[in-house]
Amino acid sequence: MASHNLLLLPGDGIGPEIMGEAKGILNWFGKRGIASFETETALVGGASYDACGKAISEETMKLADQADAVLFGAVGGPKWDGVPYDARPEAGLLRLRKDLGLFANLRPAICYPALADASSLKRDVVEGLDILILRELTGGVYFGEPKEIVTLENGEKRAVDTQLYTTHEIERIARVAFDLARTRRNKVSSAEKRNVMKSGVLWNQVVTKIGKEEYPDVQLEHVLADNCAMQLVRWPKQYDVIVCDNLFGDILSDVAAMLTGSLGMLPSASLGAPDPSTGQRKSLYEPVHGSAPDIAGRSLANPIAMIASVGMALRYSFGLGEAADLLDKAIANVLATGTRTKDIAEKGSNAVSTQEMGAAILKELESLAR
Ligand code: NAD
């Protein structure tokens, strides 16, 4: 049995609490002989700033670079509001994304039948929903230069952000989209604004070309990004994989997130380019939510987003799709019994703690594996 090397970065706030439950899941797969993990734990975010004055140290960056995958909790909190901009907790996460070249951000939006009533949309619109938003993460308007605020001669100010994409950047994210679609329902929807943006025109052309030449078996459609936002709240089940740039992906993935009810349920993965000799991608797995300082240290956090992030690591970094399916099933079954943390519990009903939810998922895994 191959051993996988995982770097655990719990971070701040509820990060260490939910990471504790993720560790329990990893240990269970080890004990059961399904997969073996060697883990190392290090500081990131505010916790790292307190220890060394940086949101992530050089030693931790080295560990991340050597690991098969990084499991990340969450960073930030009011305690670090006043720290220098470059050392703010989020800088640790941004450095990891940049230095590991994590250009593809996968955010599944899955609505467990037991939670369909927690969505703000009607049950039949979201029940059984299983879509994937693929967001380009290292290019586009968040990084393009010039990016500045200048003072004009007349004293007025002018702000500039630059939306910029090259063929290569679009090709590599398109290939990830088509590859993922092949493992799902074989459909890619490319969301862009080709009607008003030059970057949208190029995006459209490049995705079309890659689809035609390399993935003729996968259905491809183009949708204007604003229409995609509307369709997501009208009838989201029409989609399988939605691929989009950094800015539209930021917005569309948050819309998709709310279809499923709670932030505490949503995992994510960020992947780099495949290594030319091993085919292995650099990768980081994390819940979509932040450090939730309002509930930190009180055993109120829902650990499912973190545990489902472990599931994504099994699937996308370690080739353990069956183990990932088992974990997803265990989560769904536990929810079906009515076990809820406070964020997903109905008003007035009993809620379990972070640790009790972790233990319930472990117990269900044990009974499914019997
Ligand atoms: P948040 O996601 O931390 O919390 C938003 C709301 O959702 C809060 O009421 C919180 O209690 C609740 N919530 C979040 N995760 C939950 C979980 N697992 N279980 C139950 N409830 C949960 O967002 P915020 O309040 O805007 O930000 C708090 C801090 O987190 C800030 O410092 C922010 O910068 C940081 N942040 C970090 C990341 C990251 O590490 N990737 C992402 C977003 C925000």
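Structure summary
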| quantity | calculated |
| --- | --- |
| For the chain, built as a Gaussian network whose Cα springs stay under 10 Å, the top-fluctuating residue of PRO276, PRO89, PRO216 | PRO276 |
| Candidate lysines for bridging to LYS209, where Cα separation is under 23 Å - those fewer than 8 sequence places away on the same chain excluded | LYS187, LYS193, LYS198 |
| Protection-proxy order for peptides 1-7, 313-319, each taking the mean of Cβ atoms within 10 Å per residue, highest first | 313-319, 1-7 |
| Charge dipole of the chain about the Cα centre (unit charges at C-beta), most positive-ward option of PRO89, PHE248, ALA177 | ALA177 |
| Computed lengthening from ALA369 to ASP275, 0.36 nm per intervening residue step minus Cα-Cα distance | 30.5 nm |
| Assigned charges on the beta-carbon of Lys, Arg, Asp, Glu; the chain dipole about Cα centre (debye) | 640 |
| Extended-chain gain in nm, criterion 0.36 nm per residue less alpha-carbon gap, THR162 and SER353 | 64.2 nm |
| Most mobile of THR60, THR162, THR138 in a GNM of the chain (Cα contacts under 10 Å) | THR162 |
| Highest average packing first - 20-27, 237-244, Cβ atoms within 10 Å | 237-244, 20-27 |
| Point-to-point label distance, GLN66-PHE143, nm (Cα→Cβ direction, 7 Å offset) | 2.6 |
| Full-extension gain in nm, THR337 to ASN195, via 0.36 nm per residue minus C-alpha separation | 46.3 nm |
| Sequence-separation-based contact order of the chain, relative, with Cα cut under 8 Å and 6+ spacing, percent | 21 |
| Point-to-point label distance, ARG123-LYS237, nm (Cα→Cβ direction, 7 Å offset) | 1.3 |
| Residue-averaged 222 nm ellipticity for the chain, from DSSP H runs of 4+ at -39500 (n - 2.57), nearest 500 | -12500 deg cm²/dmol |
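The numbers here are math on the coordinates, done by the rules we state, and not lab data. What you see is a predicted model, and the numbers here were worked out from it, not measured in a lab. Methodologically, a virtual Cβ is constructed for each residue, glycine included, from the backbone with ideal geometry; neighbour enumeration extends over all protein chains shown.
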